[in-house]
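The values are calculated or read from the model by the stated rules, or taken from the named source; none is laboratory data. Model, not experiment: these values are computed from the prediction. For neighbour counting, all protein chains shown are included, and Cβ atoms are generated from backbone atoms with ideal geometry for every residue, glycine included.
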Amino acid sequence: MGKFEIKVAKDGSHFFNLKSGNGQIILTSEMYNSKAACENGIASVKKNAPDDERYDRKEAANGKHHFNLKAANHQVIGSSQMYADTSGMNNGIESVKKNAPEADVEEV
């Protein structure tokens, strides 16, 4: 089962990583000014993750693939790592869909 890890950056801002059951990071958030805002971001990921239309699939200039998960207001709430090909990216999306809705949250 996946989990969200809330972390504090050196500048005091908060962010989260969504990890799959094997511990691999599958989604990373933006920086938030407070822990409460970070927790709201996690709630938004849990809500929006099952909806395929919320995923913005992209190809970088170097040919690698990645995606952003967006809220209903089109704001990016999480970004993936880079994948070598579209199948890897699509597997990443499926992993977010599977892991995010029921993932536990812990502070690191």
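Selection of the stretch 48-69 for residues being surrounded by 15 or more Cβ atoms within 10 Å (Cβ to Cβ) and over 21 Å from Gln24 (Cα atoms) yields only Arg54.
Based on what the data block shows, is Asn40 more than 20 Å from Asn68 (Cβ to Cβ) and either surrounded by 12 or more Cβ atoms within 10 Å (Cβ to Cβ) or not hydrophobic (A, V, I, L, M, F, W, C) (or both)? No; evaluated as a whole, the condition is false for this residue.
At least 3 residues that are touching a residue at least 40 places away in the same chain (Cβ under 8 Å) and among the β-branched types (Val, Ile, Thr) in each: list the strands (runs of 3 or more DSSP E) lying fully within the stretch 12-108 that qualify. Can you show your working first?
Numbers: elements: 14-19, 25-28, 55-59, 65-70, 76-79, 104-107.
Filter on the stretch 12-108 gives 25-28.
Checking each residue of the stretch 49-69 against the condition of being closer than 15 Å to Glu106 by Cα and either modelled with pLDDT of 95 or more or out of contact with any helix residue (DSSP H, G or I) (no Cβ under 7 Å at 6 or more places or on another chain) (or both) gives no match.
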